[in-house]
1. Given labels modelled 7 Å from the Cα in the Cβ direction, how far is it in nm from residue B:6 to residue A:117?
2. Structure shown: which of A:50/B:78; A:412/B:76; A:167/A:408; A:167/A:380; A:167/B:6; A:50/A:105 lie over 31 Å apart, alpha-carbon to alpha-carbon?
3. Roughly how many whole Å is it from the C-alpha centroid of segment B:70-105 to that of segment B:2-33?
4. Compare the Cα positions of A:337, A:255, A:217 along the charge dipole of chain A (+1 at Cβ of Lys, Arg; -1 at Cβ of Asp, Glu; about the Cα centre) and return the one farthest towards the positive end.
5. Using all alpha carbons of segment A:314-417, what is the percent of pairwise distances in each 10 Å bin, ordered from the shortest bin to the longest?
6. Dipole of segment A:32-162, Cα-centred, from +1 at each Lys and Arg C-beta and -1 at each Asp and Glu C-beta, to the nearest 20 debye?
7. Could you give the radius of gyration (one decimal) and Dmax (whole number) of the Cα atoms in the protein assembly as shown, in Å?
8. Run the Debye formula on the Cα coordinates of segment A:21-141, all scatterers equal and no solvent, and tell me log10 I(q)/I(0) at q = 0.12, 0.13, 0.22, 0.23 1/Å.
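Every number in this text was worked out from the coordinates using simple rules, so none of it is lab data. Every value quoted in this text rests on a predicted model; they were computed, and no experiment measured them. Neighbour counts run over all protein chains shown; Cβ positions are idealised from the backbone, glycine included.
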Amino acid sequence: MSRGAPIVILGAGHAGGRSAEWLRRLGYDGELILLGAEPYLPYERPPLSKGLLTGAQAPADCHLQDEGFYRDNGIELRLGDAASALSPRDKRVTLADGATLAFGKLVIATGARPRRLALPGGELEGVCYLRDIAHSLELIEHLTPGARLVVVGGGFIGLEVAASARKQGAEVVVLEAAPQVLGRGLPASVAEDMVALHAAEGVEICTGAQLASIEGQGRVSAVTLKDGTRLEASAVLIGVGIVPNVELAAAAGLPCDDGILAGTDCATEALDIFVVGDTARATNARYGRQIRLESWQNAEQQAEIAARAVMGEGPRWEAVPWVWSDQHGWNLQVTGFPTDGAHFVARGRAAEGKALGFALDRDGALVGATALGQGLSAAKDLRVAQMLIERGARPDPAALADPSANLKALLKQSQAA
Amino acid sequence: MSGWIKVCAAEEIDEEDVIRFDHGGRTYAVYYTPSGHYATDGVCTHEEAHLADGLVIDDIIECPLHQGRFHIPSGKAKSPPVCVDLKTYPVKQEAGDLFIQLPAV
C-alpha cells in the first residue's frame, strides 16, 4: 500500500485496537495513529462487569496487547486525545486542542456511551453506570458486604453486575420495566431460567418495575418506584442500554441512524472513511439489511472487515451474531436472532445443567439458538448451532429436541445436503 | 521424571472429539481427530477456558469462550483472538489404551 497521509483510527477501544492490529497483520506499513479518549490501552470490555468487579482480574488483564506491542508495531497511540470534529472532504480530523490531523483513510471506532436516565436524584453519589474501566473501578467501591445495590435494567450488564455484586456479598435487587428480563432478543423461557438462577443465588428480580426517583442527601439512600414502593439502597447501577457515539460523524454529514451507516465492507458514504464496532450500523450481507451489534464478536470481526477494506481486499460482513454472558457460574450463549423464529424447539433443561433452545423459521431453517449451561458445558452445542445457521440448514426438529441425538451429525447432514 | 502416562482407553474418546485430562496439577486436552490422536495443554492461551469444552472440526479445536482456533497436531494458533500457540505432547496407543508423554517436572 502506498505511503502518504496516515491511517487514523478514531477510538482506541476493542474495535479500534483490533483494527490497528489487523492493518499491520495485512501488511500496511505506513503511519498508523490510534486516537483514544480514555487513558487506557485498548481493552476488552467483558471483564468490566465480571472479573474486574470480583477482583479476579485487574485493568491490565483486559488490555488487548501490552504497551510494547504498539511500540514494536509502529502503532502511534495517542491516549486521552479525542477528536472534536471531522472533515471528510479535507480528510482531516480536529483534535481537542484545535490542532488538525490529516488522514489518508479513517476508521471510526468511537463506540457508545451508557444511556442516561433523567430522574430526580440521578446525579447523587452512588448512582453508577458501566461502560468503561473507570466506571468499573468506581462501582467496585460500592460492592461491599452488606451493601444494598439496586440494579436498574435486566439486560446483560444489569444481570452480570447483579451476579458479581452478590458474589461480593452485596444485597441485590434488579428492577426491569418490561414484563421479562433480557427481552431484547431472548425468548421468555430463557429469561425464566435466568431469573431462577438469580433467585437461587439470592438476587431478587422485579419485572414491570419502573423507577420514579432516587433519593438521598448527597448520596443514594433509597429508590422509589412508580407504584410507590420504596427500596433502601446504598448504590444504584443503571444499565438501560447504550447510545452509539455518532455525533462527530453526523456533524460531518455522514448518514446516521442509531449508528453510523455503512455498507457490507464497513465503508461509510464518505470516501476512505470506515466504521467498526458498537457505533457501526453496517449492511450484513447474509441478512441483506443494516444491523448494529453491541458485542465482543462484532468488535473483533468488523475490525478485520474494515482493515481488509482499507487494504482494498473487498471483504463482506456476513457474520451470524454471537454473544455470551456469564452469571453465577453459568454461561449463556446466543447466536442468530432467536426471537425471529416461528417455531421453538427445546433440548434439555437448566435444572439438569444444560438447556438449549432452537428457533426455526416457517421454512424450517434455523435462525437462532440459545445455550445455557454450567460453566462452558453448552458452548460446543451453541457453536454447532451457529454453523448450522451459517449454512442455512433446516435441521430435523425431532433430532434437535433429543438430547441423545448428536448435533454434529446434523452439521454433517447439512454439508451433504 | 518424564514418561508415558496412561490417559484412558482409546475408545473413550469419540471421533472428532476431545476430553480433559488432569495430571500432576496440570490440565491437558486429548483429541481424536480424523488424522489421529493428539494431546495439547488443556487451557486456552488467551483466557481461562478448558479446550475440552470446545468444538473439534477436522484438525481444529475451537475455544468455547471466544472461538479462537488452534491446529491440533501442531498447536499453532490459527485465528484471533488467540495468538500464542498451544504446547503439544506425544500420544501413543498400546493395547487399546492411550498414553501421553509428559516432560520432566
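1. 6.1
2. With Cα atoms farther than 31 Å apart: A:167/A:408; A:167/B:6; A:50/A:105.
3. With segment B:70-105 and segment B:2-33 each reduced to a Cα centre, they are spaced 10 Å.
4. A:337
5. 16, 50, 28, 5, 0
6. With Lys and Arg at +1 and Asp and Glu at -1, about 600 debye.
7. Cα radius of gyration and Dmax of the protein assembly as shown are 24.1, 76 Å respectively.
8. One equal scatterer on each Cα of segment A:21-141 leads to -0.59, -0.69, -1.30, -1.34.
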